[in-house]
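This report concerns only the one structure given below.
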Protein chains: 4
Amino acid sequence: MSRRVLIDTDTAGDDAMAILLAAVADSVSVEALTIVAGNVEFDYEVENAKHSLEVADATDVPVYEGARAPLVKDHEHADQVHGEGGLGGNLFPDTGIPSADGHGAEAIVERARESPGELTLVCIGPLTNVAIALRLEPDLNELLDEVWVMGGAVNTLGNDTPSAEFNFWVDPDAASVVVDELDVTLVDWGLSLRQGTFETDTLAEIEAMGTDYAEFFTTASERAREFAREQYGEDSTTQPDSLAMACALYPELVDEANDYYVDVDERKGMTRGYSLVDEHGVTGEEPNARVVESVDEEAFETLFLDAMRHGDPERSL
Amino acid sequence: MSRRVLIDTDTAGDDAMAILLAAVADSVSVEALTIVAGNVEFDYEVENAKHSLEVADATDVPVYEGARAPLVKDHEHADQVHGEGGLGGNLFPDTGIPSADGHGAEAIVERARESPGELTLVCIGPLTNVAIALRLEPDLNELLDEVWVMGGAVNTLGNDTPSAEFNFWVDPDAASVVVDELDVTLVDWGLSLRQGTFETDTLAEIEAMGTDYAEFFTTASERAREFAREQYGEDSTTQPDSLAMACALYPELVDEANDYYVDVDERKGMTRGYSLVDEHGVTGEEPNARVVESVDEEAFETLFLDAMRHGDPERSL
Amino acid sequence: MSRRVLIDTDTAGDDAMAILLAAVADSVSVEALTIVAGNVEFDYEVENAKHSLEVADATDVPVYEGARAPLVKDHEHADQVHGEGGLGGNLFPDTGIPSADGHGAEAIVERARESPGELTLVCIGPLTNVAIALRLEPDLNELLDEVWVMGGAVNTLGNDTPSAEFNFWVDPDAASVVVDELDVTLVDWGLSLRQGTFETDTLAEIEAMGTDYAEFFTTASERAREFAREQYGEDSTTQPDSLAMACALYPELVDEANDYYVDVDERKGMTRGYSLVDEHGVTGEEPNARVVESVDEEAFETLFLDAMRHGDPERSL
Amino acid sequence: MSRRVLIDTDTAGDDAMAILLAAVADSVSVEALTIVAGNVEFDYEVENAKHSLEVADATDVPVYEGARAPLVKDHEHADQVHGEGGLGGNLFPDTGIPSADGHGAEAIVERARESPGELTLVCIGPLTNVAIALRLEPDLNELLDEVWVMGGAVNTLGNDTPSAEFNFWVDPDAASVVVDELDVTLVDWGLSLRQGTFETDTLAEIEAMGTDYAEFFTTASERAREFAREQYGEDSTTQPDSLAMACALYPELVDEANDYYVDVDERKGMTRGYSLVDEHGVTGEEPNARVVESVDEEAFETLFLDAMRHGDPERSL
Ligand SMILES: [Ca+2]
Ligand SMILES: [Ca+2]
Ligand SMILES: [Ca+2]
Ligand SMILES: [Ca+2]
């Protein structure tokens, strides 16, 4: 049976791959993309998303433009990580594909109402659209099947500030609302770093494939790879959005996941976007989120390479 | 020429009077009411709004249901001030009037887009709907003519906590966004207390009128009057929403208004909803809001009494 | 019987007058001055305090140097209000008087232990020394007779930021500790502005006196007067420290004072140093401080003028 | 040459062992203990410290009582971890040894002034005394040789709340001041858990020794061991204070330490006491603290066992 997904994304490099994974997968139906302020300038994100669909030969998927600013806080891009356009060097797509009518948050609400209990929402950007959707439709949680979120840094160093992962940092208010009010499964930055990172040899393998998908990956991850070299002295790329998407689409990838009380610090200041995860249950609060703690790393890589080489992530499943 | 207004309201006692003022005024066209979580339980607010339109013989005005919870924070009602239903003792209207289709925030956006630059938005509740509207439509400010807000306590004791007025306290995040991004004129709690309060004799005068409007007022203000007696030892009612509405509709009532830098404290804690108003310009921030500092108190009372007695607030203007 | 006082001060203009009032008063014994970081550079404050004692012919009063920085937060002076030295134009005293041995906070503790229940502590600067004294001696409250504090802005515009009075702003952590743990009587900025302000004619009267005291006042208030002209367009000086001192020494000046729950916002940000005063008892917290709400303004002025003219504030009491 | 140390401690189980290590070491001179509010009730801590000196046959070391409450925040003990008295089951020492005259913070200042540049301060409790000492003596940093602090949870789960280690949580204001103003070397909870934990076999080995020291350890760690079993399902004890002390006394134990920008969240709320450690230098702030990242775990254990068995931690060095 086909898995039906909504993808909420601030499309830069890794979002593009996550979209690609879903869009080319035989058993998956991507119902819509909704774009949210995040990685790079909003209009670039919109074009990046459309271009990803082009590469996947899936331009019939509607792209809805959503929130151009976080719920409450001021916005900052992450150009330093993803480059100005978000897809590497000189790739500034201009697809000519029109956006769908309506706001991204409204699209989430409408789709969920149309197919109650049938859609899985995969969130790979800041959570502004989803939080707005919740205020437009208080029953959103019941209307959705599952909600997967790439976000947070579970008791480990963040990738944006020492205390926060980028998606949660950009819109901590929205993250706080979403984690609190939806039944969320979290794929965090720490897991991505431990088990969703491709090293030099894998990167070389993809580079050598020569397919359009592989070429798209190589270009789109170029700037992040460079950033990793400068920042961490390592030649690698981390694929948090792809990992979250893969887990959402193929839950058998998840080796261990546990329910914890999770809260997001929505205050300005040094811990903006910090994700508290009460692993030992010391706060006395009830668990409210599921946190993925380990995955089948090999299966994820296989799946990803199959998508790049054959356009079929499900080939080895 | 007719003044066209959108009213965003958490309809309890004083909201009802403000709606009445606008709905019976000859030169005013009320385009829509949008309801927001605030004073009392949401469904009561919706019915209170519809009943106010009934009293005003204006049931053709569409009523849109909006946000049932603040943008980010948890919600608390103000039943202790307004009574359970919000309209006094036993008045729990059940009008049978259907709500209009669509969410309050969407209605604000759509109306503003349909008549760019022509509508005045009068906000007499927490600002959740307006903040969401801003995220759905970043150009909302340009699409509206004026935005009047009843909210804040300008360098004076608040009515909800010592540091905050109720509307800003309930949704400080929304208030912060709205004050920051829209060109707002503020009618605050301090002004309402100084110049928007009716004392025993005025209340007796209205009580003696015997009109439906006057009777509605007497019932709807009953609980707040009782609260004032208990809390402050004074027999009076304060009409912040009516005062804000009157100023919005008849700006000639405003004796003095100045532009100041205004900021709202969106943090949880002792100053949640605090409205910083930089009267002496010490913060170095540019003025971003207009604050009404004094009104023609007598004209306001006359207008209000004319509405109660004759259903015509403009009779003496 | 003689009233014995400890004065904790960040000596600039008005502190100097407050010290003078106490030091020349027949019925008062000033046991010690303790200096705290506040208005101007610490070493200037120390010299200003010593010079004030010189003018009062009271150089036998020991001057203890205390905390050179707030308890936790970074420090900012108020040179813009008081001028660089704090005593006006070119008055940078160099008294040659040695400071007493020991830290100001230790001096407060030692004096209080030596004369348990007999000393009144008058605090006219940020409360760092007093907070440290509390950590050195948890029983400080019992060891002191009374504690008077010039600080806070009770439900009114602050003089430092819109939300805060200077003393509380500079060290909000200390203010929070002191208000919470000592039985404090508060003389706030709002009261000072309403009833502790000298207008042009009073200032002229003092200027014309020709005494050393009057001359000291005229010089020391010069910069603050200028600041008031620039900032508020008014030729006046406000004497919060002198008013607090006068009330502490002669409680009969107090017309009305009430017990309220008071809390100080110790957080960084827009409400740093904000003094919450729960006038209507809505927080449910027990009153923990006494707040002076009105004074005999005329008596205060008489007392002050008597001090300036005759060196005897008690002449007309 | 003898290493001279001041130990600031909230003496419960592991503090006792740290004191023992220093007190029995031949090359170390313990100049004084200063007690601070922390693990258990203050008076128990004082007695625990004195009893530790008794066990070490070092009762000539003066014990100064210090701050009985954190600098600003309210205090909570950790009885649940250490048991009521802090030294296990029924061990409530009553040594009869008098405390030294003066406050712990004053003692730190005086000792530092007496031997400028010669003393190493080892802090194994909340940092209240040290922060007060800094306000009593702004030049404290220059007057001390080194400052070692057991505190913080470096980009890992805390032991008190998910975001904070106990010492920093109890007095985040003091921790913030100390990390900011002193040249501190940090031994954090994460390191302690990774490399300062004794497992069942080591615990059994100590238990079998039969010396007074070993018996003291077994009793004093009893409750923490039980807590670890209940909380983490592991039979082990973690020795953060002993590890910090060992590193301070024998820096050759430190395998890797790096300078980072460190900040402590002093706000109330979910991240109270959080230690931000900018491992990748993304904040743009200058490094201000040295963080121990790995130690010679085997050498530490040997040293500890030698102390327990022979009363000589330096036997194998
Ligand atoms: Ca993304
Ligand atoms: Ca209202
Ligand atoms: Ca002062
Ligand atoms: Ca300890």
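The values are calculated or read from the model by the stated rules, or taken from the named source; none is laboratory data. Please read all numbers here as calculations on a predicted model, not as lab measurements. Don't worry about glycine lacking a Cβ; one is built from the backbone with ideal geometry, like all the others, and counts go over all protein chains shown.
Listed by first and then second residue, the pairs linking a residue in segment D:62-81 that is more than 9 Å from chain C (Cβ to nearest Cβ) to a residue that is aromatic (Phe, Trp, Tyr), with Cβ atoms under 8 Å apart and 6 or more places separating them unless they lie on different chains, are D:Glu65/D:Phe42; D:Ala78/D:Phe166; D:Gln80/D:Phe227; D:Val81/D:Phe166; D:Val81/D:Phe227. For segment C:106-127, check the following and say yes or no: at least one residue is free of Cβ contacts under 8 Å to residues at least 12 places away in the same chain and within 14 Å of chain D (Cβ to nearest Cβ). Yes; the residues of segment C:106-127 include at least one that is free of Cβ contacts under 8 Å to residues at least 12 places away in the same chain and within 14 Å of chain D (Cβ to nearest Cβ).
I'm trying to understand the selection: among the residues of segment C:114-142, which are hydroxyl-bearing (Ser, Thr, Tyr) and either within 16 Å of ligand 4 (Cβ to nearest atom) or not in a loop (DSSP other than H, G, I, E, B) (or both)? Please lay out each step first, then the result.
Within segment C:114-142, the first condition is being hydroxyl-bearing (Ser, Thr, Tyr), and the residues that meet it are C:115, C:120, C:128.
Answer for segment C:114-142, where residues must be hydroxyl-bearing (Ser, Thr, Tyr) and either within 16 Å of ligand 4 (Cβ to nearest atom) or not in a loop (DSSP other than H, G, I, E, B) (or both): C:Thr120, C:Thr128.
Residues that are among the aromatic types (Phe, Trp, Tyr), closer than 27 Å to D:Thr128 by Cα and within 14 Å of chain B (Cβ to nearest Cβ): does segment C:160-167 have at least one? Scanning segment C:160-167 turns up at least one residue that is among the aromatic types (Phe, Trp, Tyr), closer than 27 Å to D:Thr128 by Cα and within 14 Å of chain B (Cβ to nearest Cβ).
Kindly provide the set of residues from segment B:239-268 that are at pLDDT below 95 and in contact with a Ser or Thr (Cβ under 9 Å, 6 or more places away or on another chain), ordered by number. Don't jump to the end; show me each part of the working.
Initial filter on segment B:239-268 (at pLDDT below 95): B:268.
If the condition is that a residue be at pLDDT below 95 and in contact with a Ser or Thr (Cβ under 9 Å, 6 or more places away or on another chain), then no residue fits.
Assess whether B:Gly152 counts as being farther than 20 Å from B:Leu21 by Cβ, surrounded by fewer than 18 Cβ atoms within 10 Å (Cβ to Cβ) and away from ligand 1 (no atom under 16 Å from the Cβ). Here the answer is no, as B:Gly152 does not meet what is asked. Identify the residue in segment C:227-285 that is within 9 Å of chain B (Cβ to nearest Cβ) and part of a helix (DSSP H, G or I) and, among all such residues, is nearest to ligand 4 (Cβ to nearest atom). Residue satisfying both the conditions and the ranking: C:Gln231. The residues in segment A:10-45 that are within 15 Å of ligand 1 (Cβ to nearest atom) and either under 22 Å from A:Ala228 (Cα atoms) or within 14 Å of another protein chain (Cβ to nearest Cβ) (or both) can be counted, and the count is 19.
Restricting to segment C:82-105, give me the number of residues that are closer than 20 Å to D:Glu137 by Cα and more than 12 Å from chain D (Cβ to nearest Cβ).
Step one: of segment C:82-105, the residues closer than 20 Å to D:Glu137 by Cα are C:98-105.
Imposing the further condition that a residue be more than 12 Å from chain D (Cβ to nearest Cβ) reduces the set to C:98-101.
Counting residues in segment C:82-105 that are closer than 20 Å to D:Glu137 by Cα and more than 12 Å from chain D (Cβ to nearest Cβ) gives 4.
Can you confirm whether C:His51 is in contact with a Pro (Cβ under 7 Å, 6 or more places away or on another chain) and either buried (at least 23 other Cβ atoms within 10 Å of the Cβ) or at positive phi (or both)? Taking the combined requirement at face value, the residue satisfies it.
Each row is one residue, and each column tells you yes or no for (1) over 24 Å from C:Lys73 (Cβ atoms); (2) surrounded by fewer than 17 Cβ atoms within 10 Å (Cβ to Cβ); (3) touching a residue at least 24 places away in the same chain (Cβ under 8 Å).
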site: C:Thr161; (1), (2), (3): no, no, yes
site: C:Glu165; (1), (2), (3): no, no, yes
site: C:Thr200; (1), (2), (3): yes, yes, yes
site: C:Ala220; (1), (2), (3): yes, no, yes
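Only one of the listed residues (C:Arg135, C:Arg223) is basic (Lys, Arg) and within 25 Å of D:Ile132 (Cβ to Cβ). That residue is C:Arg135.
Within the option set D:Val147, D:Val170, being free of Cβ contacts under 8 Å to residues at least 40 places away in the same chain, within 16 Å of ligand 4 (Cβ to nearest atom) and of a type outside the set (Phe, Trp, Tyr) holds for one residue only, D:Val147. Of the residues making up segment B:122-175, those that are over 17 Å from the mean Cα position of the chain (by Cα) and under 29 Å from A:Gly102 (Cα atoms) number 15.
Taking segment B:202-218 as the search range and keeping residues that are touching a residue at least 40 places away in the same chain (Cβ under 8 Å) and more than 23 Å from B:Tyr44 (Cα to Cα), which one is farthest from the other protein chains (Cβ to nearest Cβ)? Taking the candidates together, the pick is B:Thr211. Return yes or no: is C:Glu266 surrounded by 24 or more Cβ atoms within 10 Å (Cβ to Cβ) and either touching a helix residue (DSSP H, G or I) at 6+ places or on another chain (Cβ under 7 Å) or closer than 30 Å to C:Gly89 by Cβ (or both)? Yes; evaluated as a whole, the condition is true for this residue.
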